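S.K.: Before I ask anything, here is the structure I am working with.
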Amino acid sequence: RRVLFEPGSVVFDRAASRPAEEFRRKVRTIGGNFDVFWRETWLLNPFANRLWFQTVSHKVLRLAVPLWLFLAFGTSWFLAADAFYRGAAILQSVFYAAGALGSAFSTRGPLRMLVSVPYAFCFLNAITVVGFWRFVTGRQKVTWAKAIDE
């Protein structure tokens, strides 16, 4: 239950070469975040956690983004009778379609450049949804497992 610092330690880590490897690694990490907040509720108490603002702004709000996106998308379509919301719904649909297309284009080129940002955004938020699902269903493991295939 303590951390020791070893100044002479050296660590090497290889970046994931495929999206599937990164997906597994990030799902484990994000699922672990849900687990930590469930077990360590003091982290959400501004009087007990001196890094409360950083915790909430960097971790908790990030975990809630998929819910907010789902609500914004659904609300835009629900209110689509109004031109503003119809436009918002269409733009969101185009963005998510571009994200879906991004997974199909692994080569460089002008189309890849257009879909890479929506793809990364959708990819990371899908990871959060899967991590949450693993936490809720009790399939989130607390032990480390190698995510990168050798």
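The values are calculated or read from the model by the stated rules, or taken from the named source; none is laboratory data. Because the structure is predicted, anything quoted here is derived from the model rather than measured. Glycine gets a Cβ as well: all are built from the backbone with ideal geometry, and neighbour counts include every protein chain shown. Note: accessible area is taken over every heavy atom of the protein model, side chains too, but ligands, DNA and RNA are not part of it. Shrake-Rupley method; radii C 1.70, N 1.55, O 1.52, S 1.80 Å.
S.K.: Residue by residue through the range 20-26, what is 3J(HN,Hα) from phi via Karplus (6.51 cos²θ - 1.76 cosθ + 1.60, θ = phi - 60°)? Round to whole Hz and write x for glycine and proline.
M.R.: These are the phi-based 3J(HN,Hα) values: 4, 5, 5, 4, 4, 5, 5 Hz.
S.K.: Also: How large, in percent, is the carbon and sulfur part of the accessible surface of the chain at a probe radius of 1.4 Å?
M.R.: After summing per-atom areas, the C and S share lands at 68 percent.
S.K.: Right, something else. For the chain, with every protein chain kept in place, what is the accessible area per residue (1.4 Å probe, Å²)?
M.R.: So the chain comes to 76 Å² accessible per residue, rounded to a whole number.
S.K.: Moving on to the next point. Just to verify a number: FRET efficiency for L63 and V94, C-beta to C-beta distance, R0 = 25 Å, to 0.05?
M.R.: Step by step, r from the Cβ atoms, then E = 0.45.
S.K.: Using helices alone, I'd like the mean residue ellipticity at 222 nm for the chain: each DSSP H run of four-plus residues gives -39500 (n - 2.57), total over residue count, nearest 500.
M.R.: -20500 deg cm²/dmol
S.K.: Applying 1/(1 + (r/R0)^6) with R0 = 41 Å to the Cβ-Cβ distance of F70 and F5, what FRET efficiency is obtained, to the nearest 0.05?
M.R.: Result of the calculation: an efficiency of 0.45.
S.K.: Further, regarding this structure: Tell me the label only: which of (i) 19.1, 64; (ii) 27.7, 95; (iii) 16.6, 58 is Rg and Dmax of the Cα atoms in Å as calculated from this structure?
M.R.: (i)
S.K.: To continue, here is another question. Find the relative contact order for the chain and round it to a whole percent, using C-alpha pairs within less than 8 Å whose residues are 6+ positions apart.
M.R.: 35
S.K.: Using θ = phi - 60° and the Karplus curve 6.51 cos²θ - 1.76 cosθ + 1.60, what whole-Hz ³J(HN,Hα) does each residue of the range 118-135 get, with Gly and Pro shown as x?
M.R.: x, 4, 4, 4, 5, 4, 5, 6, 5, 4, 5, 5, 5, x, 5, 4, 5, 5
S.K.: While we're here: Taking the 0 to 90 degree range and rounding to the nearest ten, how far is the long axis of helix 61-78 tilted relative to the main principal axis of the chain, both from C-alpha atoms?
M.R.: Tilt of helix 61-78: around 20 degrees.
S.K.: Hey, got the dipole for the range 1-119? About the Cα centre, +1 on K and R Cβ, -1 on D and E Cβ, debye to the nearest 20?
M.R.: 280
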